[in-house]
Structure formats: structure tokens, C-alpha cells
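Novice: Let me give you the structure first, and then I'll get to my questions.
The values are calculated or read from the model by the stated rules, or taken from the named source; none is laboratory data. Quick caveat: nothing in here was measured; it's all calculated off a predicted structure. Here the Cβ positions follow ideal geometry from the backbone for every residue, glycine too, while neighbour counts run over all protein chains shown.
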Amino acid sequence: MIQDWLSLLGSPNLRWVLLGTMFLGMASGIVGSFVLLRKESLVGEAMSHAALPGVCLGFLVAGRELPALMTGAAVFGLISLWGIRVIHRHSKLKQDTAIGLILSVFFGLGIVLLTMITNSPAGNKSGLDSYIFGQAASMVPSDVWMMSSIAILVTAAALLFFKEWKLVIFDPLFAGGLGWKTKTLNSVLSLSIVLIVTAGIQAVGIILMSALIITPAIAARYWTDRLGVMVILASVIGAFSGVTGTLISAVDGGIPTGPVVVLTATVIFFLSFLFAPKRGKLAQVLAHRQFRRRWKKQQALKALGSVPGTAASKYESWQKALGAKNNEAKKLWNWLKKNRYFM
Amino acid sequence: MTYEGWIIITGVLAGASCSIIGVLLVLRQTAMISDAISHTVILGLVSAFLLTGTLDSFTMLIGAAVAGLLTTIVIQLLKNSGVQSDAAIGVTFTAFFALGVFLISRYAGNVHLDVNHALMGNIAFVPFQTVTLFGVSIPQAFLFVSIVLLLNVAVITLLYKEWKLSTFDPALAVSLGIPAVFLHYLLMTMTSVTAVSSFDSVGAVLVVAFMIVPAASAYLWTRKLSFMFLYSVVFSAAACFSGYYAAKWLNVSISGSMAVMTGVIFLISFLFAGENGVITRSVRQKQHRNREWNRQPAFAPADGKREL
């Protein structure tokens with residue numbers, strides 16, 4: 001097993017792909033943090049599904065050229081984003097309905113176009129199927145270049161606009177009051193989502209690309225309350241998932257990359273959900289128990305104060321005043337004794 | 001019945017059962033749950049196959065329904081422990097879907113368990129898989145879909161008042177003693193059973209389209225719940241007919257083209273629906289403005305100029 005991995009790491013193509021998915025995971029973790037805090041996690045889902053008709057149209061227009069496919073995906077990503085905004089703004093429908101609507105209709109359109117391509121003479125070898133689940137191992141260096149450069153571009157944008165996006169997300173009115181162009185800033189953020197979704201669909205696939213945006217960010221959210229730390233954590237988690245997923249799917253050729261990347265990220269999310277300090281489930285349960293114990297001790301003291309008479313003969317009436325069961329009462333009584341609350 | 005007839009009627013029934021559930025989902029702002037369930041159905045299918053080793057439809061149905069319910073429960077658990085709602089949905093279904101695809105490609109690669117099939121459905125093959133009932137040979141998918149439709153109609157009509165109240169005024173419903181939590185999980189169960197029964201014939205994508213889009217279109221046309229149910233069923237049936245013939249004409253995927261047709265119906269509703277359509281609204285506003293403008297003022301200035 002380990003030898004397999006080592007020999008794989010020796011292959012130059014895989015090293016390229018690993019670097020690419022690392023950058024992709026990093027960038028999508030960063031963008032995802034902002035998207036999560038803007039409460040628009042599922043917009044990425046609609047956008048990535050809407051990329052399918054774009055990819056197909058790109059193929060119909062220019063053949064299997066990556067720039068054409070990516071342009072199509074980006075254009076349809078923008079259209080879907082615009083559609084969601086328009087539906088949300090100009091009708092009484094809620095945002096989640098608008099997202100589901102755009103997502104299903106555009107994906108249906110994508111399937112129509114996909115069958116159109118498959119039925120055409122050139123269609124059998126189109127390989128567009130791999131866009132649905134992603135196959136990072138099939139990427140060639142030029143694909144990797146494109147993906148990495150988009151990812152780095154988006155990361156740079158996030159670093160550049162960090163302060164601005166932070167304020168626009170947490171206090172849009174104040175940002176507007178400062179004279180900032182909140183609309184432009186929001187559009188730049190949306191554009192970065194579109195770009196990162198477009199870059200990722202070849203490696204991770206249309207259906208699971210949204211997970212790479214949501215999951216690292218929500219996992220990072222458990223560990224901190226500071227945006228800067230959250231962005232860094234999310235990018236590390238994203239990069240780690242990307243690399244692990246690519247490695248596993250490269251070792252076992254039959255498994256598409258997307259699911260493994262997402263499963264890795266989900267495992268990290270689950271561990272964070274359970275074990276993160278303060279916000280994690282375990283920490284919360286422990287804090288709750290500690291609180292209960294302290295509260296019981298307070299009750300025991302109160303009951304002691306309310307009972308008249310000397311200490312040794314007090315137990316019965318004390319227990320009655322406290323209203324606790326025998327076992328528990330005895331424990332509390334011993335605690336009181338140990339701490340010399342009575343003689 | 002003819003080959004075409006079976007396809008269309010199966011589509012219409014699947015559309016009807018999805019869209020009446022969809023009305024409740026859209027009104028209760030849980031539309032994306034249907035998307036989540038339609039994705040996790042895959043995990044249910046694979047687990048059912050890996051556990052029992054058969055590809056029997058009934059086993060698959062149960063596996064998928066369990067997976068759907070599990071999804072809604074996990075989403076609810078995450079929400080209750082403080083994860084924001086959209087992220088809870090996003091994390092859960094992508095994880096389940098990824099697990100499903102992983103299991104398929106790892107352990108069931110050589111079996112006829114096609115992810116593409118589950119996603120896009122294969123309504124063109126519906127008439128070929130038949131069962132004999134009372135001496136009549138009818139397609140299996142048709143049977144499943146009509147049973148689920150009857151079930152949905154029964155549950156909704158029997159609890160109509162309760163659904164209405166708990167949808168529009170949850171606080172009042174709870175204070176009157178209507179079991180809101182039970183209704184929530186009942187709706188989730190119905191969503192998952194409906195998605196599962198329909199996706200085998202029409203595919204996961206069309207299930208989402210049928211659940212959300214006709215209901216959203218109907219919402220723009222009416223303010224009465226009963227009419228919303230009616231309109232959404234009519235819209236989904238219209239999408240079935242037009243989608244089927246469009247697909248036949250262009251020689252493309254039937255379920256994909258039906259999904260696109262629901263989108264076309266929504267677009268028409270969005271632009272022209274009575275009081276909510278974007279175009280009709282602006283036309284009416286213009287008319288109103290003109291009327292106000294042309295109305296003879298009570299005290300017309302002598303020079304004929306009018307103040308704004």
C-alpha cells in the first residue's frame with residue numbers, strides 16, 4: 001500500500017494534479033467562509049448544477065476545449081445567480097425556493113443538452129460524463145495550470161478585499177454609510193464564487209462542488225469566532241481534503257475524485273462538530289454537566305441554611321428540604337461535610 | 001394503452017404527487033429539503049443493495065425511503081445544535097451523496113446500479129417493466145406512483161385544516177394543540193416516499209423540478225391554498241405533455257425536457273401571473289398612473305398647466 005503511494009508520488013502528472021487540487025481546496029475554503037456567513041451556502045449548489053448546460057453549450061460551440069467549457073460554465077453560473085436574485089427580488093418567493101427552482105430547471109436543461117451531444121456523431125467520446133462526478137486524475141498539466149491560476153486569483157481577491165468583505169457581510173448598512181460601494185463588493189464576492197465553482201467542476205464534479213465550498217467553512221466555524229482565523233482554518237481544511245481525495249482516488253482508479261474529497265471534508269466537519277472547544281458537542285455536554293453540578297451544590301447549601309437545628313441530626317430534614325434522592329443526597333452531604341459547611 | 005400513453009400518464013401522476021407535496025414544502029420554506037432527499041436516495045439504493053444483495057424494486061424503495069428520512073433527521077439534529085439551516089442541508093446531503101457514489105464505485109461497480117440512471121431517470125423504459133394486477137398488465141412504475149399519489153392525497157385532505165394552520169401560523173397551531181413536530185416529520189416522510197417512488201421513473205432531477213417549480217408557479221397565481229394545489233397539479237401535467245413531445249421532436253432526454261418545461265411555465269407565470277407577474281404588474285401600474293394623470297383636476301389652472 002505505502003509503496004503504491006510512494007510510486008504514485010513519483011509520477012510528475014499526479015504531483016501537478018495534487019498541487020492543483022490543493023490550491024482549489026484552499027481557495028474554495030476561503031470563499032466558502034464568506035459565503036457561509038452571508039447565509040448563501042446553497043447558492044453554490046445552484047451555481048454548480050447550472051454549470052452543466054454551460055459546459056454542454058461550450059462543447060457544442062467549440063468542442064472539447066477546456067477554456068470553452070469553462071467559459072460556458074462561468075456564464076451559466078452568472079445567469080443562475082442573476083436568476084435567483086431576480087426571482088427573490090421581484091416575486092414573493094423565498095430564496096430557497098428560487099435556488100431549488102433555478103437548480104432543477106438548469107440541470108434539466110443540462111441533461112437535455114447532454115443527451116443531444118450523446119446522440120450526435122461526435123458525442124460518444126465527449127467524456128462530459130466525468131464532469132458530473134469529477135475525475136482529477138484525467139487532468140493534463142494545462143488543465144491544472146488553469147485551475148490553479150483561478151484558485152490563486154480568487155485567493156488574492158479574498159486577501160485584497162478581506163476587510164471590505166468582512167464589513168459588508170457583518171454590517172452592510174455601516175459599510176454603505178462609509179461610502180463604500182457595497183453592491184460592487186458583493187458582486188466581486190459572487191464573481192469569485194462563480195470562478196471557483198467553474199475551476200472546480202473538472203476535478204470535483206458538478207454535483208459535489210458545492211460541498212467543497214460549504215463543508216470546510218462550516219467545519220472551521222466550530223473552532224473560532226474570528227473571521228481571519230476561520231478563513232485560514234477553512235483553507236487548510238479545504239486543501240487537506242483536496243489532496244487526500246486526489247491521492248485516494250489515484251490509488252484506486254475506479255473511484256471518482258469528488259466523493260472522496262467531500263467525504264474527507266465531511267469527516268473533518270464531523271470531528272469538529274464533536275470535539276471542537278466551546279462549540280463542539282462534547283464541550284457543550286461537559287459544560288452543561290458542570291453547570292448542573294454547580295447548581296446542585298448551591299441548592300444543597302441553600303437547603304442547609306433553611307433547616308434549623310444542629311448539624312449531625314440535620315440530615316433527614318435537609319434531604320427533605322433539598323428534595324433529592326438518597327444516593328445523590330448522600331454525595332452532596334459528604335461534599336458539604338468535606339468543605340466544612342457544618343460541624 | 002399505448003407506449004406513449006403509459007409514459008405520459010406515469011409522468012402526470014408522478015408530477016401530481018410531487019407537486020402537491022411541493023406546495024407544502026414551498027410554503028413552509030423547506031423547498032431545498034426535496035433537493036437534499038433526491039440526492040441521498042442514491043445512498044439508500046446502494047445500501048439496500050449491499051445489505052440484501054438483490055436489485056428488487058421493493059427493497060430499493062424501502063432503502064431509499066429510509067435514507068431520505070435519515071437525511072431529514074440529521075438535518076434537523078444539526079439545526080437544533082446550532083448549525084444554520086442552509087449549511088445544515090448542504091453538509092448533510094453532499095456527505096450522503098458522496099458516500100453513495102463512493103460505495104457504488106468501490107463495491108458495486110460491476111452491478112447494474114447506474115448513478116446516471118438514478119439522476120436522470122429512464123421514463124422511456126417505464127412501459128417495459130410490467131406487473132400483472134387483476135389480469136391486466138400494467139407498468140410497475142405506474143403502480144408505485146399511483147399508490148403514492150393516493151396516499152398523499154389522503155394524508156393532505158384528511159389533515160387539510162391542520163396543514164393549513166401549521167403552515168401559515170405555526171405559533172397559533174401549536175397553541176391550539178396541533179402536533180407541529182409530528183406534522184413536520186410526516187411531511188418529511190411523505191416527501192421522501194414520494195421522491196423515491198417517482199425518481200425510479202422520472203429521475204432525481206425531475207423530482208426536484210416537479211416538487212418546487214409547479215408549486216412556485218402556482219403560488220404566483222393565487223392566494224388560496226386549495227387553488228394552489230389545483231394549479232400546481234395542472235402545471236405539472238402541462239409540463240409532462242409539452243415536455244414529452246418536445247423531447248420526442250428533438251430526440252433528447254424526456255425527464256430533462258419535462259424539467260425544462262416546468263421552468264418555461266414558471267417563466268410565463270413570473271412574467272404574466274395576475275397580480276404578481278412582473279410585466280402585468282408594471283402594465284397595471286402604468287395604467288393606474290395614466291388614469292391618475294388624465295383625471296380632470298377639481299381646480300384646473302386657467303393656463304391649462306398642471307402642477308405635479
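Novice: Going through segment B:85-98 one residue at a time, which ones are farther than 12 Å from residue A:262 by Cβ, surrounded by 20 or more Cβ atoms within 10 Å (Cβ to Cβ) and more than 8 Å from chain A (Cβ to nearest Cβ)?
Specialist: Result: B:88, single match.
Novice: Out of contact with any Phe, Trp or Tyr (no Cβ under 6 Å at 6 or more places or on another chain), modelled with pLDDT of 90 or more and surrounded by fewer than 17 Cβ atoms within 10 Å (Cβ to Cβ): which single residue out of B:130, B:157 fits that description? Full working, then the answer.
Specialist: Working: B:130 fails: modelled with pLDDT of 90 or more.
Unique residue meeting the criteria: B:157.
Novice: Return the residue satisfying two criteria in turn: it lies in segment A:237-265 and is within 21 Å of residue B:88 (Cα to Cα) and out of contact with any Phe, Trp or Tyr (no Cβ under 9 Å at 6 or more places or on another chain), and of such residues it is surrounded by the fewest Cβ atoms within 10 Å (Cβ to Cβ).
Specialist: Taking the candidates together, the pick is A:241.
Novice: Which of the residues that make up segment B:68-84 are outside any helix (DSSP H, G or I) and within 13 Å of residue A:281 (Cβ to Cβ)? Show your work before the answer.
Specialist: Of the residues in segment B:68-84, the ones outside any helix (DSSP H, G or I) are B:81-84.
Passing the criteria: B:81, B:82, B:83.
Novice: Then there is this: Among the residues that make up segment A:71-78, is at least one of them among the hydroxyl-bearing types (Ser, Thr, Tyr), modelled with pLDDT of 85 or more and buried (at least 23 other Cβ atoms within 10 Å of the Cβ)? Reasoning before the result, please.
Specialist: Looking only at segment A:71-78, we keep the residues that are among the hydroxyl-bearing types (Ser, Thr, Tyr), and these are A:71.
Keeping just the survivors that are modelled with pLDDT of 85 or more gives A:71.
Checking which are buried (at least 23 other Cβ atoms within 10 Å of the Cβ) leaves us with none.
The answer is no, given that none of the residues of segment A:71-78 is among the hydroxyl-bearing types (Ser, Thr, Tyr), modelled with pLDDT of 85 or more and buried (at least 23 other Cβ atoms within 10 Å of the Cβ).
Novice: Output yes when any residue across segment A:159-171 is touching a Phe, Trp or Tyr at 6+ places or on another chain (Cβ under 7 Å) and within 14 Å of chain B (Cβ to nearest Cβ), and no when none is.
Specialist: yes
Novice: For segment B:26-37, how many residues meet the condition of being of a type outside the set (Gly, Ala, Ser), buried (at least 24 other Cβ atoms within 10 Å of the Cβ) and within 10 Å of chain A (Cβ to nearest Cβ)? Show your work before the answer.
Specialist: Kept after step one, since they are of a type outside the set (Gly, Ala, Ser), are these residues of segment B:26-37: B:26-30, B:32-33, B:35, B:37.
Next, only the ones that are buried (at least 24 other Cβ atoms within 10 Å of the Cβ) stay: B:26, B:32-33, B:35, B:37.
Then keep just the ones that are within 10 Å of chain A (Cβ to nearest Cβ); that gives B:26, B:32-33, B:35.
Adding up the residues that qualify gives 4.
Novice: Return the only residue of A:248, A:268 being of a type in the set (A, V, I, L, M) and under 12 Å from the mean Cα position of the chain (by Cα). Explain how you work it out, then say what you get.
Specialist: On the way: A:248 fails: under 12 Å from the mean Cα position of the chain (by Cα).
Checking each option against the conditions leaves just A:268.
Novice: Would you point out the residue of segment A:241-255, among those that are assigned to a helix (DSSP H, G or I) and under 14 Å from residue A:138 (Cβ atoms), that is modelled with the highest pLDDT? Before you say what the answer is, go through the steps one by one.
Specialist: Of the residues in segment A:241-255, the ones assigned to a helix (DSSP H, G or I) are A:241-251.
Add one more test, that the residue is under 14 Å from residue A:138 (Cβ atoms), and what stays is A:246, A:249-250.
Values: A:246: 84, A:249: 79, A:250: 78.
Among residues in segment A:241-255 that are assigned to a helix (DSSP H, G or I) and under 14 Å from residue A:138 (Cβ atoms), the one modelled with the highest pLDDT is A:246.
Novice: Restricting the first residue to segment B:230-250 and requiring it to be charged (D, E, K, R), which pairs with a second residue that is buried (at least 19 other Cβ atoms within 10 Å of the Cβ) meet a Cβ separation below 7 Å and a spacing of at least six or different chains?
Specialist: Pairs found: none.
Novice: Mind listing just one residue for me: the one in segment A:19-39 that is within 11 Å of chain B (Cβ to nearest Cβ) and in contact with a Ser or Thr (Cβ under 9 Å, 6 or more places away or on another chain) and, of those, nearest to residue A:212 (Cα to Cα)? Show your work before the answer.
Specialist: Here is the first cut: in segment A:19-39, the residues within 11 Å of chain B (Cβ to nearest Cβ) are A:32, A:35-39.
From what is left, the residues that are in contact with a Ser or Thr (Cβ under 9 Å, 6 or more places away or on another chain) are A:32, A:35, A:39.
On the way: A:32: 8, A:35: 12, A:39: 16 Å.
Among those residues, the one meeting the criterion is A:32.
Novice: If you check residue B:40 against the conditions, is it assigned to a helix (DSSP H, G or I), β-branched (Val, Ile, Thr), more than 17 Å from the chain's Cα centre (by Cα) and buried (at least 24 other Cβ atoms within 10 Å of the Cβ)? Give the derivation first.
Specialist: Numbers: assigned to a helix (DSSP H, G or I): yes; β-branched (Val, Ile, Thr): yes; more than 17 Å from the chain's Cα centre (by Cα): no; buried (at least 24 other Cβ atoms within 10 Å of the Cβ): yes.
In short, no.
Novice: On to the next question. With the condition being within 14 Å of another protein chain (Cβ to nearest Cβ) and of a type in the set (A, V, I, L, M), I'd like the helices (runs of 4 or more DSSP H) fully within segment A:54-152 carrying at least 2 qualifying residues.
Specialist: Details: elements: A:66-90, A:95-119, A:130-133.
Of the helices (runs of 4 or more DSSP H) lying wholly inside segment A:54-152, those with at least 2 residues that are within 14 Å of another protein chain (Cβ to nearest Cβ) and of a type in the set (A, V, I, L, M) span A:66-90, A:95-119.
Novice: While we're here: Against the definition (at pLDDT 90 or above and farther than 16 Å from residue A:27 by Cβ), how does residue A:233 come out, yes or no?
Specialist: So residue A:233 does not fit the description; no.
Novice: Out of the residues in segment A:287-343 that are among the aromatic types (Phe, Trp, Tyr) and part of a helix (DSSP H, G or I), which is modelled with the highest pLDDT? So that I can check it myself, show each step before the final result.
Specialist: Of all residues in segment A:287-343, those among the aromatic types (Phe, Trp, Tyr) come to A:291, A:295, A:315, A:318, A:333, A:335, A:341-342.
After this cut, where a residue has to be part of a helix (DSSP H, G or I) as well, the list is A:291, A:295, A:315, A:318, A:333, A:335.
Working: A:291: 93, A:295: 88, A:315: 77, A:318: 79, A:333: 81, A:335: 82.
Per the stated criteria, the residue is A:291.
Novice: Does residue A:227 count as surrounded by fewer than 19 Cβ atoms within 10 Å (Cβ to Cβ), out of contact with any Leu (no Cβ under 7 Å at 6 or more places or on another chain) and at pLDDT 80 or above? First the steps, then the outcome.
Specialist: Working: surrounded by fewer than 19 Cβ atoms within 10 Å (Cβ to Cβ): yes; out of contact with any Leu (no Cβ under 7 Å at 6 or more places or on another chain): yes; at pLDDT 80 or above: yes.
For residue A:227, the condition - surrounded by fewer than 19 Cβ atoms within 10 Å (Cβ to Cβ), out of contact with any Leu (no Cβ under 7 Å at 6 or more places or on another chain) and at pLDDT 80 or above - is met.
Novice: Continuing with the same structure: Residue B:253 - would you say it is at pLDDT below 85, facing chain A (nearest Cβ under 8 Å) and within 30 Å of residue A:206 (Cα to Cα)? Write out each step before concluding.
Specialist: Working: at pLDDT below 85: yes; facing chain A (nearest Cβ under 8 Å): yes; within 30 Å of residue A:206 (Cα to Cα): yes.
The answer is yes for residue B:253.
Novice: Could you list, in sequence order, all residues of segment B:43-67 that are free of Cβ contacts under 8 Å to residues at least 24 places away in the same chain, small (Gly, Ala, Ser) and assigned to a helix (DSSP H, G or I)?
Specialist: From segment B:43-67, those free of Cβ contacts under 8 Å to residues at least 24 places away in the same chain are B:48, B:51-54, B:56, B:58-59, B:62-63, B:66; that's our starting set.
Pick out the ones that are also small (Gly, Ala, Ser) and you get B:48, B:53, B:63.
Answer for segment B:43-67, where residues must be free of Cβ contacts under 8 Å to residues at least 24 places away in the same chain, small (Gly, Ala, Ser) and assigned to a helix (DSSP H, G or I): B:48, B:63.
Novice: For residue A:183, state whether it is more than 10 Å from every other protein chain (Cβ to nearest Cβ), modelled with pLDDT of 85 or more, in contact with a Phe, Trp or Tyr (Cβ under 9 Å, 6 or more places away or on another chain) and in a helix (DSSP H, G or I). Write out each step before concluding.
Specialist: Working: more than 10 Å from every other protein chain (Cβ to nearest Cβ): yes; modelled with pLDDT of 85 or more: yes; in contact with a Phe, Trp or Tyr (Cβ under 9 Å, 6 or more places away or on another chain): no; in a helix (DSSP H, G or I): yes.
Here the answer is no, as residue A:183 does not meet what is asked.
Conditions (1) within 11 Å of chain A (Cβ to nearest Cβ); (2) out of contact with any Asp or Glu (no Cβ under 6 Å at 6 or more places or on another chain); (3) modelled with pLDDT of 85 or more; (4) over 30 Å from residue B:217 (Cα atoms), marked per residue:
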| residue | (1), (2), (3), (4) |
| --- | --- |
| B:24 | no, yes, yes, no |
| B:64 | no, yes, no, no |
| B:71 | no, yes, yes, no |
| B:83 | yes, yes, no, yes |
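Novice: Still on this structure, please answer the following. From the list B:231, B:219, B:245, which one is farther than 29 Å from residue B:58 by Cα and within 12 Å of chain A (Cβ to nearest Cβ)?
Specialist: B:219
Novice: Every residue in segment B:133-154 that is of a type in the set (Phe, Trp, Tyr) and modelled with pLDDT under 80, please. Working first, answer last.
Specialist: Pass one, segment B:133-154, residues of a type in the set (Phe, Trp, Tyr): B:134, B:142, B:144.
Listed by number, the list holds a single entry, B:134.
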